1. Please go through segment 59-78 and give me each residue that is over 20 Å from residue 181 (Cα atoms), surrounded by 14 or more Cβ atoms within 10 Å (Cβ to Cβ) and in contact with a strand residue (DSSP E or B) (Cβ under 9 Å, 6 or more places away or on another chain), ordered by number.
2. Considering each of 81, 140, 98 in turn, give the residue that is over 28 Å from residue 202 (Cα atoms), more than 16 Å from the ligand (Cβ to nearest atom) and surrounded by fewer than 16 Cβ atoms within 10 Å (Cβ to Cβ).
3. Name the residues in segment 186-223 that are assigned to a strand (DSSP E or B) and in contact with a helix residue (DSSP H, G or I) (Cβ under 6 Å, 6 or more places away or on another chain), would you?
4. Is it the case that some residue within segment 17-36 is within 19 Å of residue 164 (Cβ to Cβ), at pLDDT 95 or above and surrounded by 15 or more Cβ atoms within 10 Å (Cβ to Cβ)?
5. Can you list the strands (runs of 3 or more DSSP E) lying wholly within segment 116-157 that have 3 or more residues being at negative phi and under 15 Å from the mean Cα position of the chain (by Cα)?
6. Quick check, is residue 118 under 17 Å from residue 194 (Cα atoms), within 12 Å of the ligand (Cβ to nearest atom) and in contact (Cβ under 8 Å) with a residue 60 or more places away in the chain?
7. Based on this model, can you work out whether residue 14 counts as within 16 Å of the ligand (Cβ to nearest atom) and out of contact with any strand residue (DSSP E or B) (no Cβ under 6 Å at 6 or more places or on another chain)?
Ligand code: IYR
């Protein structure tokens, strides 16, 4: 057993119970206002804002601290076009037969279809890759753990960070997403996990009239 090196913890802000409740409530209210947007403005967003949010995502906890993620921040119009064309091809196959009727019925309230203009209109596409394993310096395979859970946590951090920066997001998952390895030249140990569209909503953007579960439906308190 190696003796793990430990250093003192930098600490957390000391909040009174009322300050803690206010902070928790503020964040809850802020996240309640988040909606997935499918109608984006072509209004630019500085890359530095996106980069900061992605760095926040990279602070997520991960299995054995392997940090099994890679983020591509795509603003290049030619790459966005390639991604749109490839995604729409998969989506057409999905909507025209690959998806079971039950799945299409579940999606009906969202009003989605195979056209994905937002992939070109929104200023940024953030493509999150899950690293299924790593490589050491000698070219040997390194096992990674809980990679999906880890990348999911990072994606959650990212979505919250973008929302707090006043940006709209769309969690887009054309299926399968293997074309993203080709377009973005990513290695075979990386699997596309999520294509996150980020930018400002179009001025006349609408959202589906859907509701969220009441807290009582998903929380059981056992004080
Ligand atoms: N990937 C398709 C279909 C789709 C699937 C789910 I699950 C959604 O929550 C929304 C859409 C599309 O993006 O249209």
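1. Residues satisfying the conditions are 60, 62, 66.
2. Selected residue: 140, the only one of 81, 140, 98 that is over 28 Å from residue 202 (Cα atoms), more than 16 Å from the ligand (Cβ to nearest atom) and surrounded by fewer than 16 Cβ atoms within 10 Å (Cβ to Cβ).
3. 192, 193, 194, 197, 198, listed by residue number.
4. Yes: one or more hits.
5. 124-131
6. Values: under 17 Å from residue 194 (Cα atoms): yes; within 12 Å of the ligand (Cβ to nearest atom): yes; in contact (Cβ under 8 Å) with a residue 60 or more places away in the chain: yes.
Judged against the criteria, residue 118 is a match.
7. no
The values are calculated or read from the model by the stated rules, or taken from the named source; none is laboratory data. Worth saying up front: this structure is predicted, and the values here are computed from it rather than measured. As a convention, Cβ positions derive from the backbone with ideal geometry for all residues, glycine included, and neighbour counts pool all protein chains shown.
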